[in-house]
Amino acid sequence: MRDDYQQLVDEITAVLRAPATLENRDFALIAFGAQDSEDRDDTEEPALDPVRTRSILQRRSTAAVRAWFEAFGIARAQAPLRIPPDPAAGVFMGRICLPVRHRGVVHGYVWLLDDGHLSDLELGGPTRAPDPRLARAMETADRIGALLAAEARAGEQLGELLRDVLT
């Protein structure tokens, strides 16, 4: 299933032209999109963010980073959220968080690194529709949510079978 997640994250990265990272609800890394330097000239280095780098290299976020992002209500979010940078927390670039849900349950998060390309992206709201690119990305996030939910159900069923065998 990991290839499925990678393909879906790459799809979001391509649609929004922004580096994306998929983490489960416990902030463990599942997949990440390439940080493309296509829009930069040869002398310009890609913008790096220590939180994204650490998440990829250590395959999880720290408790402090998790607390920072959770303070914005990501676990309850029904729609994308814009989260500002906080250099004191090592978050040098803003993020857009796409909650990954299935049947109302959050199963993870797609994090979009806003290196300046997403500043004009309309998230939508009660009276306005989101940017069509973002709507497509959310459809992909919903597909990720269905996969994560199916994986969780399979794990639960396996645990029940094992318990039955052992008792």
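Read-outs throughout are calculated quantities, based only on the coordinates presented, and are distinct from any laboratory measurement. What you are looking at is a predicted structure, and each value in this text was computed from that prediction instead of being measured. Here the Cβ positions follow ideal geometry from the backbone for every residue, glycine too, while neighbour counts run over all protein chains shown.
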Between the stretch 1-30 and the stretch 72-93, the alpha-carbon center distance in angstrom: 17
Ranked packing of 70-76, 23-29, 138-144, most packed first, by mean Cβ within 10 Å: 138-144, 23-29, 70-76
